[in-house]
Amino acid sequence: MKLSVLLGNCESISHYRLRQDMSYEEFAKAVPLTTYSDWEPLILEQIQTGTQKICVGTQRYQPTSGSTAAHKWIPYTKAFMKEMDSAVQAWLGDLGFRQSKALRGAQYWSLSWLPQEQRSNRPSNDDLELLPGWKRKILQKMMAVPASVTFADTMEESQFATLAYLCSRQDLTLVSVWSPTFWLSLLDRLTEWQPLLEETLASGKWAFPKFNSKIQAPKNTYAANILNALTGESLLKKLWPALAQISCWDSAGSEIWTKKVRTKHPGILVQGKGLWATEGVITIPFKDKFPAAVTSHFLEWIDLESQKVLPTWALRKGQRVQPVLTGGHGLLRYKLNDSMEVTGFMDQTPTLEFRGRLRETDLVGERCRLN
């Protein structure tokens, strides 16, 4: 855990006197557990002034929520995105070995929608930004939906454009989203907008009212005929005959919605995603289990019974824990409000399953003020 390499010459390194050769015990003693409220003033100051408060090399600030509630702005640095890429590649590697059909055609990845008030403040919401440039160039050629849909004026226009492109791709093999409700809402929109989608694909011109014409409309008369002739499950099968896998959350509160996804797509593998958050990745799907993402961030865990903070190597089967991460975005010993259970081990790496959200609390005594 070479924090000075990850974070660069920022104020957090000096404030906590962090060194590359620190032991875990020294690190845990030097840095308190934190929440977003500890880091928010520093992040906002870093955004406004460009000073290196908690990290260097920030490429963008990612909001944690698509709602209109107060957002948490997470710095996405080159170091942090490399950590996320490590988890993505492990998942894709296992997927290619165990479910290679999912990688043989077009893919759709979506992590979130931008809320209306942010659509003019960010150049892109392309999920491939998580990956290095050379990998983005390769995967962009495989994506069913171009990143340009981000530039639509409204969320509804982005949704309509996304559906138009998806309906035009009979070679779609993989869908990867965060929440199953996200995919279900798109399918509901597909039913609602079916005549408009048919018209768009038949003509190659947007049939959606007042659509931003700067985005190229797809044309596929075969798909238009399918939209004209079929509904329900038959429509989905005919639109996407090669679809092999859908990846989404499938535990705790998402379980009931994942069942509905499976009902909509009988015979299609719906794989649980593990625990990914805007702040980092905690577990990944691998060999039908969810090992801790130990090659990404530095992870710790609060035992929810004893409240003792443990390193990953000290976990035992059956524990209920709350994840704590330290990453290249500068968030040190950052608590995520999730409950997880240690289900076993893959070699020496613990496997965990998400059990639900914890109530939002802030029990941190020391604040992360650097002035």
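The values are calculated or read from the model by the stated rules, or taken from the named source; none is laboratory data. The structure presented is a predicted model; accordingly, all values stated were derived computationally and were not measured. Note that we place each Cβ from the backbone using ideal geometry, even for glycine, and neighbour counts take in every protein chain shown.
Worth a mention:
- For the stretch 155-192, residues that are under 23 Å from W249 (Cα atoms) and in a helix (DSSP H, G or I) total 17.
- K210 vs. criteria more than 27 Å from Q245 (Cβ to Cβ), in the same structural domain as A244 (by TED's automatic domain parsing) and at pLDDT below 90: yes
- Candidate set: the stretch 224-239, residues that are hydrophobic (A, V, I, L, M, F, W, C) and farther than 18 Å from I268 by Cα; chosen: the one surrounded by the most Cβ atoms within 10 Å (Cβ to Cβ): L227
- On inspection, E366 fails the criterion of being acidic (D, E) and either modelled with pLDDT of 95 or more or closer than 23 Å to A87 by Cα (or both).
- Matching residues in the stretch 6-27 - criterion: being surrounded by fewer than 16 Cβ atoms within 10 Å (Cβ to Cβ), in contact (Cβ under 8 Å) with a residue 12 or more places away in the chain and closer than 21 Å to E83 by Cα: N9, R19, Q20, Y24
- Any chance K237 is in the same structural domain as L184 (by TED's automatic domain parsing) and over 12 Å from P323 (Cβ atoms): yes
- Beta carbons closer than 7 Å, at least 6 apart along the sequence or on distinct chains, pair a first residue in the stretch 83-111 that is over 18 Å from A242 (Cβ atoms) with a second that is assigned to a strand (DSSP E or B) and modelled with pLDDT of 90 or more for M84/V281; A87/V281; A90/F286; W91/F286; D94/F286; S110/V177.
- Scanning the stretch 30-55 for residues that are touching a helix residue (DSSP H, G or I) at 6+ places or on another chain (Cβ under 7 Å) and either among the β-branched types (V, I, T) or touching a residue at least 40 places away in the same chain (Cβ under 8 Å) (or both) turns up V31, T51, Q52, K53, I54, C55.
- For the stretch 199-217, the set of residues classified as in contact (Cβ under 8 Å) with a residue 24 or more places away in the chain and assigned to a helix (DSSP H, G or I) consists of E199, T200, L201, listed by residue number.
- Among the residues of the stretch 286-331, those identified as crowded, with 19+ Cβ neighbours inside 10 Å, assigned to a loop (DSSP other than H, G, I, E, B) and under 20 Å from the mean Cα position of the chain (by Cα) are F290, A293, S296, H297, G327, G328, H329, G330, L331.
- Condition met for S254 (within 21 Å of the chain's Cα centre (by Cα) and either part of a helix (DSSP H, G or I) or without any contact (Cβ under 8 Å) to a residue 60 or more places away in the chain (or both)): yes
- Counting residues in the stretch 26-41 that are assigned to a loop (DSSP other than H, G, I, E, B), within 30 Å of F182 (Cα to Cα), of a type outside the set (A, V, I, L, M, F, W, C) and modelled with pLDDT of 95 or more gives one or more.
- Tally, over the stretch 178-189, of residues that are farther than 13 Å from K264 by Cα and modelled with pLDDT of 95 or more: 1
- Residues satisfying the stated conditions in the stretch 303-338, i.e. among the polar types (S, T, N, Q) and either touching a residue at least 40 places away in the same chain (Cβ under 8 Å) or more than 15 Å from R357 (Cα to Cα) (or both): S306, Q307, T312, Q319, T326
- Unique match (being assigned by TED's automatic domain parsing to the domain that holds S110, more than 21 Å from P323 (Cα to Cα), at pLDDT below 95 and of a type outside the set (K, R)) among Q89, Q48: Q89
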